[in-house]
Amino acid sequence: MRLLEERIRRDGIVRGEDVLKVDSFLNHQMDVELFAEMGKEFKRLFEREEITKILTIEASGIGIACVAAQCFGVPVVFAKKSKTKNIEGDVYTSKVESFTHGRVYDIIVSKKFLGPEDKVLLIDDFLANGAALMGLISLVWESGASLAGAGICIEKAFQPGGERIRNMGVRVESLARVKCMSEETGVEFCKEREV
Ligand code: 5GP
């Protein structure tokens, strides 16, 4: 998506070899006009699917998930990061190893909000090693819902998550795919269909 790529080029900051900071427009301060365009693009990509729920993960996926959900006219459920497993009775749980913090945590979703009748679209801000997305996929499997796929704002295609998850047969659509990046030269994007 050209608009997002241009914004990353303009305002994204590369830290070290594998961290892209986009906190001026995506995951701290949020540019909701850009979000509206991204939401429309997710809708266009998945419009043939009869999505009933959007599922994301606390915290930075919630903003874009809400805007996307408005385009689909469905609710958003966000998986909560939890220390206590059964706070509200029956929950689906899985484990995620955090890319940015390097630790493992449990995520939970109440059984009230996801079930076999649902068709789920996953939404997240970043795809790196795929741990966050794998955690969400496990929750969907556990719930018996069907999975339409995943919509990602920024995929770092030089990290293994995208390939791993596509190889499992899950449809992953990323609005910007970073081929490589460095503090000196900035960000280079994959051309269409290029891995
Ligand atoms: P994964 O689980 O795919 O390794 O990482 C995905 C999660 O880590 C995302 O939800 C995102 O919050 C965070 N993340 C991964 N890479 C980056 C990055 O380069 N920049 C930022 N800001 N967050 C990242």
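The values are calculated or read from the model by the stated rules, or taken from the named source; none is laboratory data. Just so it is clear, the model here is predicted, and its values are computed rather than measured. Positions of Cβ are generated from backbone atoms using ideal geometry, with glycine treated the same way; all protein chains shown enter the neighbour counts.
For the reader, a short list of remarks on this structure follows.
- When Trp141 is tested against the conditions (1) assigned to a helix (DSSP H, G or I); (2) within 16 Å of the ligand (Cβ to nearest atom); (3) among the aromatic types (Phe, Trp, Tyr), the lone failure is (2).
- All strands (runs of 3 or more DSSP E) inside segment 1-97 with 3 or more residues being surrounded by 13 or more Cβ atoms within 10 Å (Cβ to Cβ) and either at pLDDT 95 or above or in contact with a helix residue (DSSP H, G or I) (Cβ under 8 Å, 6 or more places away or on another chain) (or both): 19-21, 53-57, 76-82, 91-97
- Only a single item in (1) in a strand (DSSP E or B); (2) of a type outside the set (Lys, Arg); (3) within 16 Å of the ligand (Cβ to nearest atom) is not met by Phe158, and it is number (1).
- Within segment 1-23, residues that are closer than 17 Å to Cys190 by Cα have Cβ atoms under 7 Å from residues that are among the charged types (D, E, K, R) and in a helix (DSSP H, G or I) in these pairs: Met1/Glu41; Leu3/Glu37, counting only partners at least 6 apart in sequence or on another chain.
- From the options Phe99, Phe25, residue that is within 16 Å of the ligand (Cβ to nearest atom), in contact with a Lys or Arg (Cβ under 9 Å, 6 or more places away or on another chain) and closer than 30 Å to Ser182 by Cβ: Phe25
- Residues considered: Ile108, Ile123. Of these, the only one that is over 20 Å from Met168 (Cβ atoms) and either away from the ligand (no atom under 13 Å from the Cβ) or surrounded by 20 or more Cβ atoms within 10 Å (Cβ to Cβ) (or both) is Ile108.
- Taken over segment 165-180, the residue count meeting the criterion of being surrounded by 20 or more Cβ atoms within 10 Å (Cβ to Cβ) and either in a strand (DSSP E or B) or on the phi > 0 side of the Ramachandran plot (or both) is 6.
- Glu155 being touching a residue at least 40 places away in the same chain (Cβ under 8 Å) and either out of contact with any Asp or Glu (no Cβ under 9 Å at 6 or more places or on another chain) or farther than 15 Å from Phe78 by Cβ (or both): no
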